[in-house]
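Everything below concerns the one structure shown next.
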């Protein structure tokens with residue numbers, strides 16, 4: 001398939017495809033969306049909104065998993081995961097005091113988002129503050145990732161590979177530092 005044909009298909013169908021992809025894998029899809037904006041295959045404003053909405057839907061799915069899933073996990077699995085009443089009560093108190101801060105930090109730290117989003121749901125954090133924090137941090141993150149994609153120019157494949165490896169490296173470093181902090 002020729003590049004011109006592919007770009008025309010992306011221009012015609014890209015936003016419809018972009019939403020479910022950003023729900024499943026937001027950062028990489030958002031970087032690619034920024035690159036497609038650079039190529040004038042997608043409109044910038046609408047693309048930003050679609051990426052942000054997809055990211056928020058993904059966040060809500062993790063929230064719902066924590067909110068509903070904590071109650072539906074069999075008792076022996078809850079024990080293995082340390083989900084007893086006392087720990088959930090402490091988690092709820094922590095989210096009542098610092099939930100917005102935790103969500104913003106987790107959102108801006110690649111790899112830490114999913115567990116914190118699920119924990120917010122398990123802790124019973126109110127949906128309004130949850131959405132507000134994720135919308136604010138998500139807008140910053142979406143703009144930064146789209147700008148990164150836009151800056152890639154006409155040769156995205158090597159840059160996307162290095163970007164993906166860099167994000168994985170940062171996630172691994174964050175996990176390593178977190179584990180070391182526990183010791």
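The values are calculated or read from the model by the stated rules, or taken from the named source; none is laboratory data. Quick caveat, the model's predicted, so the values are computed rather than measured. In this analysis, Cβ positions are derived from the backbone assuming ideal geometry, glycine residues included, and neighbour counts consider all displayed protein chains.
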Out of all the residues in region 41-66, which are over 23 Å from residue 117 (Cβ atoms), in contact with a helix residue (DSSP H, G or I) (Cβ under 7 Å, 6 or more places away or on another chain) and assigned to a helix (DSSP H, G or I)? 44, 46, 47
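Within region 83-90, identify whether any single residue is buried (at least 17 other Cβ atoms within 10 Å of the Cβ) and part of a helix (DSSP H, G or I), and answer yes or no.
Taking region 83-90 first, the residues buried (at least 17 other Cβ atoms within 10 Å of the Cβ) are 83, 88.
So of that shortlist, the ones also part of a helix (DSSP H, G or I) come out as 88.
Checked against the condition, which is being buried (at least 17 other Cβ atoms within 10 Å of the Cβ) and part of a helix (DSSP H, G or I), region 83-90 yields at least one hit.
It is to be established whether one or more residues within region 8-15 are surrounded by 14 or more Cβ atoms within 10 Å (Cβ to Cβ), assigned to a helix (DSSP H, G or I) and at pLDDT 80 or above.
yes
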Hey, any hits in region 117-126 for a residue that's loosely packed, with under 13 Cβ neighbours inside 10 Å and either assigned to a helix (DSSP H, G or I) or at pLDDT below 75 (or both)? no
Per the filter on region 24-40, residues surrounded by fewer than 17 Cβ atoms within 10 Å (Cβ to Cβ) and in a helix (DSSP H, G or I) are 24
Which numbered condition trips up residue 70, out of (1) assigned to a helix (DSSP H, G or I); (2) in contact with a helix residue (DSSP H, G or I) (Cβ under 6 Å, 6 or more places away or on another chain); (3) modelled with pLDDT of 80 or more? (3)
Kindly indicate whether any position in region 41-48 is surrounded by fewer than 21 Cβ atoms within 10 Å (Cβ to Cβ) and under 20 Å from residue 108 (Cα atoms). yes
Taking region 97-116 and keeping only residues that are assigned to a helix (DSSP H, G or I) and crowded, with 16+ Cβ neighbours inside 10 Å, one is left with 99, 100, 102, 103, 104, 106, 107, 113, 116
